[in-house]
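Worksheet: the structure to be examined is printed underneath.
Read the figures in this text as sums done on the coordinates, not as results from a lab. Remember, it's a predicted structure, so these values are computed and weren't measured experimentally. Cβ atoms come from the backbone with ideal geometry, glycine included; neighbour counts cover every protein chain shown.
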Amino acid sequence: MNRTLTFLTGTSLWLLTGCLQPSTTPQTNYNTPINNTSTQPLTFHTDEHGFLHPLKSSSNLQSRNTYLDEFLLKSDMQCIHYLNEPLQSTPPQNDYTDSLYMGIADTVGTIFGIRYITETAKTVFLNNSNKNLSEEKKAYSNALSPEIKKGVEIGRRRFAKEMIKKKSLPIDKYTPENLKEDTQLYDKQCNLEYGLIEINRALKAMQASINKPSRTITAKKETIDVKVIKKKVKEATKEVQKKEIKEKSKPKKIKNHGILSI
């Protein structure tokens, strides 16, 4: 119960405020990991060995911009390779990622009126009494894996556009040190947790459009396909439910208490 309340008061508020706010610069709160994960070491580093245009503290405007272009190109290629590695293909299982998955399932259940999705997700992601739910959690992560990786790409691409805008700034307004800080933030977003954040962002945006429909026509933005998320969350939920039914149908073992008959 306590964990449920924590989820509702913490994660839900963040999703409603943080996810729907537009990202204006690479230094926004959205690009800083939440729940104190900013203290964690970077898991991905762009390998700049062999860069044709390395960044130096003495770099002028032209060399700064040339480095920025090369960095973004090579970082993106390295990030895709990194996320496709077996050890990185599944987000870590912790309270933070649990809350992100719960947010996805809960919003899908709410938007499409499928209550059992939310209820099943609660047993997986909010149940403190059962510590052996790793297989059930994998059902969701495996189902959403392509969309999670796509979310990482979308978030990084949005961040990259803001970095590219700064190419027009003079060297004293956007120094090599400032650019280096942005590249570190860019590396930090090569993380599957950011893909989960992006899925939550897309779902909350759709929920907001349903609650407050607008006739204003806006430019189409690259985002996650919510219908695909709905389909895959339903599939994962059904897989979890089948496992639960199978576990309940197993015969219970009768313990031998060591009583001797004379």
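Key figures for this structure:
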| read-out | value |
| --- | --- |
| Computed FRET value (nearest 0.05) for Lys165 with Lys212, which takes r as the C-beta separation and R₀ as 35 Å | 0.75 |
| Sorted peptide list for 198-211, 111-124, criterion being average Cβ within 10 angstrom, highest first | 198-211, 111-124 |
| In nm, spacing of pseudo-spin labels at Asn127 and Glu85 (7 Å Cα→C-beta vector) | 3.4 |
| Potential extension, Asp225-Leu185 segment - 0.36 nm per residue separation minus Cα distance | 11.8 nm |
| Cβ-Cβ FRET estimate between Leu61 and Asn94, R0 fixed at 41 Å, reported to 0.05 | 0.45 |
| Cβ crowding within 10 Å averaged over residues, with 143-156, 165-178 ranked highest first | 143-156, 165-178 |
| Partner aspartates and glutamates for Lys173 [C-alpha distance under 20 Å; skip if fewer than 8 residues away on the same chain] | Asp69, Glu162, Glu181, Asp182 |
| Rough spin-label spacing in nm, given labels placed 7 Å along Cα→Cβ, for Tyr116 and Lys138 | 2.4 |
| Chain lengthening between His49 and Ile245 when straightened (0.36 nm per residue, less Cα-Cα) | 65.3 nm |
